[in-house]
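Each remark here refers to the structure printed beneath this line.
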Amino acid sequence: GGSIDLSSLTSADGLILPKQLGGGIDLRSLTSADGLVLPQHVGGNIFLRHLTSADGLVLPQHVGGDIYLSSLASADGLIIPKQLGGSIDLSSLTSADGLILPHDFNLFMLYCPYYIEKEIMNNPDKYYMAPTEDDKKEIKR
């Protein structure tokens, strides 16, 4: 039900995390997502501040708080959770290439360089997922 603080951990090799976590998780010292399997549901914030690549990173389906990926230079293959209760910090991005946003993602919840925000706004079909059939049913209600 609480949070996990592994802020000094530098490698995720052999790390086994629960499938669900009521609070947040602090893995701020990891520089690689190799071997990292995050819970499917995280109720709080996720700190991955020193991760420099999204290679191998699979974010939870549900995140109740913020996601801190402030050292990520490339978003290639990064899929933002469909259910995100807070914001996502991608302040070091140099390109939006490969970034995948949920169809209804609020761009005000993305912290990134201004030119990347403009790129996403000018090319929504490139960066936003198409709504699924379930999403379309929710929209009709």
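How about the range 1-33: which of its residues are under 14 Å from G44 (Cβ atoms), exposed (fewer than 14 other Cβ atoms within 10 Å of the Cβ) and not polar (S, T, N, Q)?
Scanning the range 1-33 gives G1, G2, P18.
Within the range 20-60, track down each residue that is more than 20 Å from A75 (Cα to Cα) and among the hydrophobic types (A, V, I, L, M, F, W, C).
L21, I25, V42
Kindly indicate the residue of the range 107-127 that is open to solvent by 50 Å² or more (accessible area, probe 1.4 Å) and within 14 Å of the chain's Cα centre (by Cα) and also farthest from G23 (Cα to Cα) among those meeting that condition.
Y111
I'd like to know if the range 41-59 contains one or more residues that are within 27 Å of T94 (Cβ to Cβ), open to solvent by less than 50 Å² (accessible area, probe 1.4 Å) and charged (D, E, K, R).
Checking the range 41-59: not a single residue is within 27 Å of T94 (Cβ to Cβ), open to solvent by less than 50 Å² (accessible area, probe 1.4 Å) and charged (D, E, K, R).
Within the range 31-49, how many residues are over 19 Å from Q83 (Cα atoms) and at pLDDT below 95?
Of the residues in that region, 6 qualify.
The values are calculated or read from the model by the stated rules, or taken from the named source; none is laboratory data. Fair warning: this is a prediction, and the values are worked out from it, not measured in the lab. Here the Cβ is made from the backbone with ideal geometry for all residues, glycine too, and neighbour counts use every protein chain on show. The area values use the complete protein model at the heavy-atom level, side chains included, leaving out ligands, DNA and RNA. Shrake-Rupley method; radii C 1.70, N 1.55, O 1.52, S 1.80 Å.
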